[in-house]
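Worksheet: one structure, shown below.
The values are calculated or read from the model by the stated rules, or taken from the named source; none is laboratory data. What you see is a predicted model, and the numbers here were worked out from it, not measured in a lab. As a convention, Cβ positions derive from the backbone with ideal geometry for all residues, glycine included, and neighbour counts pool all protein chains shown.
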């Protein structure tokens with residue numbers, strides 16, 4: 001009988017859940033009007049928000065990037 005090979009097991013790190021921004025942080029409701037807080041993508045239209053980074057604003061759908069001025 002052949003000897004069985006030992007398998008090396010790799011211990012995995014516990015997964016941390018991703019924090020998601022909810023819709024209530026992107027809109028401001030006052031009375032009957034709704035105002036968008038973040039800017040929208042000029043290429044994709046009003047349906048897509050620009051993600052705000054430290055030095056730029058980026059669209060996740062088309063890749064449009066707008067750098068912030070210093």
Any idea which residue in the stretch 19-33 is nearest to residue 62 (Cα to Cα), counting only those that are at pLDDT 85 or above and either loosely packed, with under 10 Cβ neighbours inside 10 Å or more than 18 Å from the chain's Cα centre (by Cα) (or both)? 28
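Please work out if residue 43 is in a loop (DSSP other than H, G, I, E, B) and surrounded by 10 or more Cβ atoms within 10 Å (Cβ to Cβ).
Values: in a loop (DSSP other than H, G, I, E, B): yes; surrounded by 10 or more Cβ atoms within 10 Å (Cβ to Cβ): yes.
When the stated conditions are applied, residue 43 passes them.
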Return the total of residues in the stretch 21-33 being in a loop (DSSP other than H, G, I, E, B) and more than 22 Å from residue 64 (Cβ to Cβ). 3
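One line per residue, one yes/no per condition, for (1) exposed (fewer than 10 other Cβ atoms within 10 Å of the Cβ); (2) touching a residue at least 40 places away in the same chain (Cβ under 8 Å); (3) assigned to a strand (DSSP E or B):
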residue	(1), (2), (3)
13	yes, no, no
35	yes, no, yes
51	no, no, yes
54	yes, no, no
58	no, no, yes
